[in-house]
Amino acid sequence: MARAGFTAISSGRIKFGKDGRWYSDDEPIPNRAINRLFSRTLTILPDGRARLELGEDRADVIVEDTPWVVVAVEGDPARGFSIVLNDETRETLDADSLRVGVENVLYCRVKQGAHEARFLRPAYYELVRHAEAGTDGTVVLRVGGRRVALGA
């Protein structure tokens, strides 16, 4: 009888892609339950390495960009926004932590500010539909009566 866990995937290389998908030897893992399990059990070690730990099973993970991604945005400018991560946790969006990276990718701090998360395209569009042009060429998001600049 096969053991459950990482031995179910005969891989020497597990990767979490910038697209928010899990890969085994560069092939997407199609099983949603395994993806959810991996997202929930991912830990970042003090030395910065990413690792899956489930029972006695351990596997190092290659993280292509960020260890978590924002898959959805809820709320509005008046009440503020919350985000949903790929591990299905919900957090209040820290608007002050928003930054625009290379190729206009949006990031924010998550997990009590300990890590950065990349916004996937649907979440990005949901948030920036509330943005407006600032007077100085920036893009501004109103959050709880404040104006937060997202970048030029």
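The values are calculated or read from the model by the stated rules, or taken from the named source; none is laboratory data. This structure is a prediction, so every number in the text was calculated from the model and none was measured. With ideal geometry, Cβ positions are generated from the backbone for all residues, glycine too; neighbour counts draw on all protein chains shown. Accessible surface is based on the protein model in full, side chains and every heavy atom, while ligands, DNA and RNA are left aside. Shrake-Rupley method; radii C 1.70, N 1.55, O 1.52, S 1.80 Å.
If you roll a 1.4 angstrom probe over the protein chains with everything in place, what fraction of the accessible area of region 11-152 belongs to carbon and sulfur, to the nearest %?
47 percent
Averaged over every viewing direction, what's the projected area of the C-alpha convex hull for region 1-141? Give it in nm², one decimal, please.
The directionally averaged projection comes out at 10.0 nm².
How much length is gained on full extension from residue 128 to residue 146, taking 0.36 nm per residue of separation minus their Cα-Cα distance?
5.0 nm
Obtain the radius of gyration and the Kirkwood radius of region 73-152 from its C-alpha atoms and give Rg over Rh.
In region 73-152, Rg relative to Rh is 0.93.
Count the net charge of all other residues whose Cβ sits under 13 Å from the Cβ of residue 13, scoring Lys and Arg as +1 and Asp and Glu as -1.
Result for the local shell: -4.
Which of rounded, prolate, oblate describes region 51-95, given a ≥ b ≥ c as roots of the alpha-carbon gyration tensor eigenvalues and a/c under 1.5 marking rounded, otherwise prolate only if a/b is larger than b/c?
prolate
Please list, ordered by chain and number, the residues whose modelled amide H lies under 5 Å from the amide H of residue 150; skip anything fewer than 5 residues away on the same chain.
Long-range HN contacts for residue 150: 139, 140, 141.
Once each part is reduced to its C-alpha centroid, what is the distance from region 24-41 to region 110-125 in angstrom?
The distance from the Cα centre of region 24-41 to that of region 110-125 comes to 19 Å.
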